[in-house]
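The structure under discussion appears below in the form of structure tokens.
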Amino acid sequence: MKRMNRYSLCWLVLLLVLFEGCEKDEPMGYIGRPGFYFNGNEFSYSFAENPWKTVDTVMLPVIITGKLENYARTLKAEVVKDSSTATENMYQLLEGTLGENQSEGFIPVVLNYVSSLDDITVTLKIQAVANDDFQELDLVFPSCRLNFTAKIMKPFNWSQLQYFFGTYSTRWWRFIMEKCERTSLPFWDDLWSPIPNPDPSKYNMSYYEMSNLQEMIRQELRNYNRNSLTGPLTHDDGDLAGQQVVMPAPY
């Protein structure tokens, strides 16, 4: 019995030591150096989505590391010119501001329409830059590419639209825009998407609006295929070029 009591006392002391050590370390946790990275490595914009604009601003989303601070901080980046095709009259890269106690922010890029964008797509490679607020940059996406044009191009949020409309092609997207009488469908599935909404103020269309548009487009596609003299609507480019457009089941 004495031996059992001695063993029990030893185990109790050991557990208390371990508990005390964990209790002391817990408030510190792992914080890491303050840094930031882009929330994605490629973004796109087309003036075809907003044909009435000659200047527009793209907000590139970023995520920070390190602890939150109760003051605003600055996010800096630069254009890697030898990896970019856009000319200086087409853009202006601005500093971003991270609000107090925020873990996500944006870096604004002002884009200028020029007539050559009607025929070409240009690229900006944008690299995160260290400053007094953020020193750690060797993270997930320390740089990103921004492709922009005035031609019709795959919307940045097609990863969200594909659940309603399926595979992208230029002809299919043009058909959707014409029937909806819209140049963009700013929907983002904030509930189920594994990719966080990069700009809630822009991607604010509701699921119910998208569901209604999906059914309307489904009916318009049926009517087109029924009345077309050249056969059903087909994809003109992309992964399914030459194949018939097929819509997914209701999302």
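A short reminder: the numbers here are calculations on the coordinates, not readings from a lab. Predicted model only: the values in this text are computed from it and were never measured. Using ideal geometry, Cβ is built from the backbone for each residue, glycine included, and neighbour counts are taken over all protein chains shown.
List of remarks:
- Lone qualifier among L191, L185 - being free of Cβ contacts under 8 Å to residues at least 40 places away in the same chain, buried (at least 20 other Cβ atoms within 10 Å of the Cβ) and not aromatic (F, W, Y): L185
Table: residues versus (1) closer than 13 Å to G35 by Cα; (2) touching an Asp or Glu at 6+ places or on another chain (Cβ under 8 Å); (3) among the acidic types (D, E).
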position	(1), (2), (3)
T74	yes, yes, no
E78	no, no, yes
D82	no, no, yes
E88	no, no, yes
L93	no, yes, no
F106	no, yes, no
V110	no, yes, no
D138	yes, no, yes
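- Being over 14 Å from the mean Cα position of the chain (by Cα) and not aliphatic (A, V, I, L, M) holds for only one residue in Q160, Q219, and it is Q219.
- Checking each residue in region 114-168 for being in a helix (DSSP H, G or I) and either charged (D, E, K, R) or surrounded by 17 or more Cβ atoms within 10 Å (Cβ to Cβ) (or both) picks out L117, D118, Q160, L161, Y163, F164, F165.
- Residues in region 195-224 that are farther than 18 Å from N157 by Cβ and among the aliphatic types (A, V, I, L, M) were compared, and the one that is surrounded by the most Cβ atoms within 10 Å (Cβ to Cβ) is L221.
- Search result, residues across region 30-68 that are touching a strand residue (DSSP E or B) at 6+ places or on another chain (Cβ under 7 Å) and among the charged types (D, E, K, R): R33, E42, D56
- Selection within region 205-247 - part of a loop (DSSP other than H, G, I, E, B) and free of Cβ contacts under 8 Å to residues at least 60 places away in the same chain: S206, S228, L229, T230, G231, P232, G242, Q243
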